[in-house]
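The values are calculated or read from the model by the stated rules, or taken from the named source; none is laboratory data. Just so you know, these numbers come straight off a predicted model, no measurement behind them. In this analysis, Cβ positions are derived from the backbone assuming ideal geometry, glycine residues included, and neighbour counts consider all displayed protein chains.
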Amino acid sequence: MKRARPPAPVERADAAIALEASDLAPVDGGVPARYLGRLGLTALCVELDQAGVTEALRARGYVDLGVRIEAEGSEHRLLVSPAGSGESLIDLRMAEEARPVSEPALRAGGVEVLSVLVVEWLALQDPRAVFTRERPRLPGQTYPGLGLGRQLYTRVLGWAAQWGKDALVNVPAYFHNAKFYAPPFAFLSAAEQGRFEALGRDLAGVPVAEASAALQAGRVLDASTGEPVTWSPGDMVAALSPPLREYLSSTEYANAVATARDGRRLRLAAAP
């Protein structure tokens, strides 16, 4: 999910933490970056508190928390960890980008560039929790998740709207990521959306953790060729601007999705 990009200057500023009982505090005394050039530590921690994140972490026994902001080039990283621990609970990496548009239908409508807020990476984990039969390990997980994905995505979608972006963008690393966040996210490419919907249709009777793992293991096969299906997604977008919303709700997009979906049949091979 990481992308190379040229370095860019980053505004940096100090900010005291003003949350009640110091629920969140800087990890060290260094000068933090201003997250995405806009949010100092105080404002950022208030955002997390208002999103219900602080309360949810407290309910899981994480009372003393540290927050750190890092910046490398245009990518900004938010880390929330238990005080005195190296294991992060939240690792959110974001960037602002201007994305050239390649979709013909969008370009035909005069949209050549999208101004977007991009979730480059989001990891939510509970190092104290254990995997169970009801909550098995998902591909890419070291620890069980926190169940806070919707809350965080709702908050950052609000940032994108406030800052006048065309969309919030993510590139789902695994099939289960796409399943969890759609809707409001859909693939910008109608063909990709159709292939994703075909996976959802033909794996509907399989638990999402098993389906995602099977896809990673090469056990999801094209029914016509017998070849393994690979997961190599492009951008998923939560549309905000009218032109992008109109494109995703257009008959042309829907027809292209249906063509890609209905033209593919998949089957699950038995585990070795």
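Only one of these conditions is not met by ARG93: (1) at pLDDT below 95; (2) within 18 Å of LEU148 (Cβ to Cβ); (3) charged (D, E, K, R). Which number is it?
It is condition (1) that ARG93 fails.
Test of understanding: among LEU152, LEU157, LEU148, which residue is under 17 Å from TYR62 (Cβ atoms), touching a strand residue (DSSP E or B) at 6+ places or on another chain (Cβ under 6 Å) and surrounded by 17 or more Cβ atoms within 10 Å (Cβ to Cβ)?
Being under 17 Å from TYR62 (Cβ atoms), touching a strand residue (DSSP E or B) at 6+ places or on another chain (Cβ under 6 Å) and surrounded by 17 or more Cβ atoms within 10 Å (Cβ to Cβ) holds for just one of LEU152, LEU157, LEU148, which is LEU148.
Using the structure shown, decide if ARG201 is assigned to a helix (DSSP H, G or I), under 16 Å from the mean Cα position of the chain (by Cα) and surrounded by fewer than 21 Cβ atoms within 10 Å (Cβ to Cβ).
It is false that ARG201 is assigned to a helix (DSSP H, G or I), under 16 Å from the mean Cα position of the chain (by Cα) and surrounded by fewer than 21 Cβ atoms within 10 Å (Cβ to Cβ).
Which ones in segment 219-254 are without any contact (Cβ under 8 Å) to a residue 40 or more places away in the chain and not hydrophobic (A, V, I, L, M, F, W, C)?
Within segment 219-254, THR225, GLY226, GLU227, PRO228, THR230, SER232, PRO242, ARG245, SER249, THR251 qualify.
Any residue at all in segment 199-221 that's of a type in the set (S, T, N, Q), at pLDDT 95 or above and closer than 19 Å to ARG265 by Cα?
Looking through segment 199-221, at least one residue is of a type in the set (S, T, N, Q), at pLDDT 95 or above and closer than 19 Å to ARG265 by Cα.
Among the numbered criteria (1) buried (at least 19 other Cβ atoms within 10 Å of the Cβ); (2) assigned to a loop (DSSP other than H, G, I, E, B); (3) in contact with a helix residue (DSSP H, G or I) (Cβ under 6 Å, 6 or more places away or on another chain), which one does LYS165 miss?
Of the numbered conditions (1) buried (at least 19 other Cβ atoms within 10 Å of the Cβ); (2) assigned to a loop (DSSP other than H, G, I, E, B); (3) in contact with a helix residue (DSSP H, G or I) (Cβ under 6 Å, 6 or more places away or on another chain), the odd one out for LYS165 is (3).
Does segment 216-234 include one or more residues that are closer than 24 Å to GLU97 by Cβ and either among the polar types (S, T, N, Q) or out of contact with any helix residue (DSSP H, G or I) (no Cβ under 8 Å at 6 or more places or on another chain) (or both)?
There is at least one residue in segment 216-234 that is closer than 24 Å to GLU97 by Cβ and either among the polar types (S, T, N, Q) or out of contact with any helix residue (DSSP H, G or I) (no Cβ under 8 Å at 6 or more places or on another chain) (or both).
Go through segment 226-261 and give me each residue that's within 30 Å of ARG137 (Cβ to Cβ) and not acidic (Asp, Glu).
Scanning segment 226-261 gives GLY226, PRO228, VAL229, THR230, TRP231, SER232, PRO233, GLY234, MET236, VAL237, ALA238, ARG261.
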